[in-house]
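No value in this document is a laboratory result; all are computed from the given coordinates. No experiment lies behind these values; they were computed from the predicted model shown. Here Cβ is always computed from backbone atoms with ideal geometry, including for glycine, and neighbour counts include all displayed protein chains.
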Amino acid sequence: MRNWKAFLASAGVAAALLGTPVLAQDEPAAPPLQDIPRDQTLILQNPEGTIRNPGWFNIWVPAGGGWTTGLHQLSMDTFWYIDPNEGIDGVTYNSLATGPAIYNDDYTEMTVELRPGVYWSDGVEFTAHDVVFTVEKQADTPGMNWSGVFSQQVETVEAVDDYTVHFTLQAPNSRFDSVFKVRWNAAWIMPKHIFEDVEDVLSFDNNPPVGLGPYTLHSYDPNGSWYIWEKREDWDRTAMAEFGEPAPQYVIYRDGGPTDRRLIEMRNGNLDMIHDLTPEGMFSIVQQDETARGWFEGFPYAHPDPTLPSVIFNHQNEKFQDRNVRWALALMLDGRAISMASYRGAATMSAIAIPPTGTHPTDYHIPMNEWLTEFELDTGTSVIRPYDPDLTLGIADMVRPQYGDAVPSDPAEIRAAFGQGWWRQDIDAATELLTNAGFTRQGNNWIMPNGEPFAFSLMIPGDGVINRLGTMVAQNWTQAGVAVDVVVASDHADQRNAGNYDSYIWWSVETWGGHPDLSYFLDSWHSQYVADPGEIQPARNWQRWQHPELDRIIEEVRVTGFDDPRNLELGLEFVRLMVEEMPIIPVMSYNVFAVMSERYWTGYPSADNPYANPVNNWSNSRYILTQLERAGN
Amino acid sequence: MQNYLLFVTKRAVQLLAVIFFGVSAAFLITHLSPINPVEQAINRITGRSNFSPEAVADMRAALTALYGIEEPLWSKFINFWRRIVVLDLGPSLIAFPTPATTLVMRALPWTVGLLATAVVFTWLIGNILGGLAGYYQNNRVLKGVGIVAMGLQPIPYYIVAFILLIVFGFVWPVLPISGGFAMNVRPGWNWPFIGSVLSHAILPALSLVLVGLGTWFLGMRALVSNIISEDYVTYAELAGVNKRTIVASYVIRNAAVPQLTALAMTLGAIFSGTVITEEVFSYPGLGSLLIAAVNAGDYALVLAVATVAITAVAGAIFIVDLLHPILDPRITVE
């Protein structure tokens, strides 16, 4: 018995000792608030979750810590922002720059005029010397995020005076300004007076961060689950002041956890903005919380992201060389079934290789509708018009019995929310196309011209709507006689980059969103960047598609100014080429179910007032803060 | 005594061998993972902006050198063991350049402090109640506890976690459902912080306690039910020994030996077994750290967690082995 008592006593002491280190955590960088006034605080979900290196704020070094903790939204700044939607006063924001980049005639030099009267959060004035330091430091330090960009492209950078920076480039580049243009990230300017004294910048944590944004770090969880930012007293000495005073005194970014917990936290008033939910989670929160709403007031609620989930064919695989085959595979797909399987009908479909978001519907989708409707495809046996301009109206009809008045009834509204149209499923035409390509039928299975079964794999991620999309695509193909093996790959991004796949569900198109220029993704599609089979493919064009007409378009974009109207014409040429060749099958926008609660704040962006992307991990979301108003609760 | 020392020495050698092979296996398995941490980092960074292909190639070369992953496997293996000896597992890749051991030491107290304490507490209560229920088989209260235990026991702990989340976070929102402590308190030896830690620990601990209690209760009750029919118990009863003494000294003590072994195994497995609980409640322990490390292909961090887990399991079994001859009079060391 004495042994047992001793054991119990030991266990008790051990438990107490084991618990002790919990209390010996590192303290946050700044003293925490004792009472955060909720009605002056905006709380947002950080989609990065828990940050494993919470005290790391050196955003110029890779994999160092969290970014969407408020660090790049509230604390950083650079020359320009471009919104994926319409912007408060136009899509482009002049932030640290006073106007657009000024290039010489052959795009080998770029001059930027800087905004005077902008101060770092520690009171030091921001000048051109900070910019020069930013470029030179990274160009000279391999391993920093923008080292490659600067060392490969910049010949010299100089401060002409305190408010003028002049770049000389190693080669003509009409888009060098985009290095400093935030779509949701860009080359952030470093505080020279902090970093010039740092011996090893790669191991410097930059804690607490000194920034150019209107907020400073107040405190953070040493376990990485929350960050509190406080509005600077001199917020009017930041570039953002031109667009108004940010309303919240405090902004908190926190780990929202799994979908269920995000819903509960918002319902309980502990989250004002949720970055993203599952479709089911979105439908649930609007029922559970009358203050919660999405981008569209009703179904499908989601904000179409400027990315375009597609069926990507590996063009270094001989099975996908023939345009007839690619088109046949497209016509085997049932758009309605795909929409229901992936997004429960809340998809924004896209027949063209431009995501239906921001200004793209008016730039591209609506203007292309007539051309698409009249587009003819020669199957070798007949000529068909494969585009169905009313397919999305049918999807709205399918979900209306369940969601009632939340589903729009006006065709224009339906097309805005569900997409303009898509390809009709046409198995007969697909049969003609494959036959024209030399394929034959054996029972229900297709046989390739070389006598082997038409079989390939479709790589999809492990979960999410993209997984569901891929599953339905594979099912459609299998029903049509194509032997498709679905590969669920946890390392799908690595496989994609190395070209180790037959076909793949992901996106290789990702645009600015609010601007018709396509350089954001298109330049990396040039044939000069296509890697040999098995070698890692740099930056998109994961389909490894090469086409002389594509190269011509890209080369012309390279010598056309960003705001030149010719860009839209070149974009339309790209879209038509993509339809004719079908190198990827564009399916839909990546719809993000961002949720905003109006319990404490109103004035969020929406489809009716699309002044900003509502997804709160984007750096552009900083401008939302200037439009918010207290709800009075 | 000499026999016992020999026994300890043999077991200690076994312990070291188990740790060596276990950690080596973890090393090999981790390095067979198809996830490339350099590509993960590049995807994270370039996914956010328009890097030129040349810039990406430069970044790839720089990161490969920085992470030190270009070494051949055998060289990595030798260096890995060299570093283990000095307790340095290299930098974590998801929190570069923070050492992996720093992250583990930051998470370890949460897992051990809350979850291990919860398991030990559950073990004690479950066994005591189970022992009493096995001996006093007609007691109505203990019968009721048995029914509840049987109901809870087959439910996976993560289902219980979600139920608790819904009940105390949504239906009756009285308890915090996320993190280790509240946002507005200062970590340290102060009551607001201690109170906050305790309140945040209730739901994750309860999810383990509710299920664990049933498991230990039912196991102990079954053991005691068998033991009370043993001759020595019958003899003690006939000899008029006090019932409390019989229960505490003869019955529960003998039945506790296998339960103690099971406890050691459970404590070891807690490092990976409570991953989902930690994920559900965003509890800042080793489980959620492990998930993040695996998803990012962070070899160093996965190995740091695995090394701690393997050492803990092997160490716990080692301690139990040493305790057996002391606790159980029926076991002698030859």
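Assorted remarks:
- When chain B is treated as a Gaussian network with alpha carbon springs shorter than 10 Å, the biggest mean-square fluctuation among B:Leu132, B:Leu198, B:Leu114 belongs to B:Leu198.
- Over the range A:180-318, Cα pairs under 8 Å with separation of 6+ residues give a relative contact order of 11 percent.
- Length gained when the stretch B:Trp172-B:Ala262 is fully extended (0.36 nm per residue, less Cα-Cα span): 28.8 nm
- Loop-located GluC sites (Glu not before Pro) in the range A:282-367, at most 15 other Cβ atoms within 10 Å (DSSP): A:Glu290, A:Glu297
- Gaussian network model of chain B, springs between alpha carbon atoms under 10 Å - residue of B:Ala107, B:Ala116, B:Ala12 with greatest fluctuation: B:Ala12
- The length gained by stretching the chain between B:Lys10 and B:Arg244 to full extension, at 0.36 nm per residue less their Cα-Cα distance, is 80.4 nm.
- The range A:372-447, relative contact order [Cα under 8 Å, separation at least 6], %: 32
- Fraction of antiparallel bridges per DSSP, the protein assembly as shown only, in percent to nearest 5: 75
- In the range B:218-294, the GluC sites (Glu not before Pro) that fall in loop regions by DSSP, at most 15 other Cβ within 10 Å: B:Glu230
- Choice from B:Pro284, B:Pro154, B:Pro91 showing the highest fluctuation, given a GNM over chain B with Cα pairs closer than 10 Å: B:Pro154
- Relative exposure of A:Tyr93, A:Tyr215, B:Tyr157, judged by other C-beta atoms within 10 Å (fewest first): B:Tyr157, A:Tyr93, A:Tyr215
- For the peptide A:488-501, the mean number of other protein chain Cβ atoms found within 10 angstrom of a residue's Cβ is 3.
- Between B:Leu323 and B:Glu71, the C-beta separation translates, for a Förster distance of 35 Å, into a calculated FRET efficiency of about 0.25.
- Taking every alpha-carbon pair under 8 Å whose residues sit at least 6 apart, chain A reaches a relative contact order of 20 percent.
- Mean per-residue shielding of peptide A:51-61 is 4, counting Cβ atoms of other chains within 10 Å of each Cβ.
- Label-to-label distance for B:Ala222 and A:Asp89 is 7.5 nm, based on points extended 7 Å past Cα in the beta-carbon direction.
- Sites A:Met398 and A:Arg552 - FRET efficiency at Förster radius 45 Å, r taken between beta-carbons, to 0.05: 0.60
- At an R0 of 22 angstrom, the distance between the Cβ atoms of B:Thr234 and B:Gln137 translates into a FRET efficiency of 0.90.
- Compared with the alpha-carbon gap, the fully stretched path from A:Gln287 to A:Asp122 is longer by 54.8 nm at 0.36 nm per residue.
- Modelled spin-label separation between A:Ile366 and A:Asp463, with each label point placed 7 Å from Cα along the Cα-to-Cβ direction: 3.9 nm.
- The range A:543-597: GluC sites (Glu not before Pro) in DSSP coil with no more than 13 other Cβ atoms inside 10 Å: none
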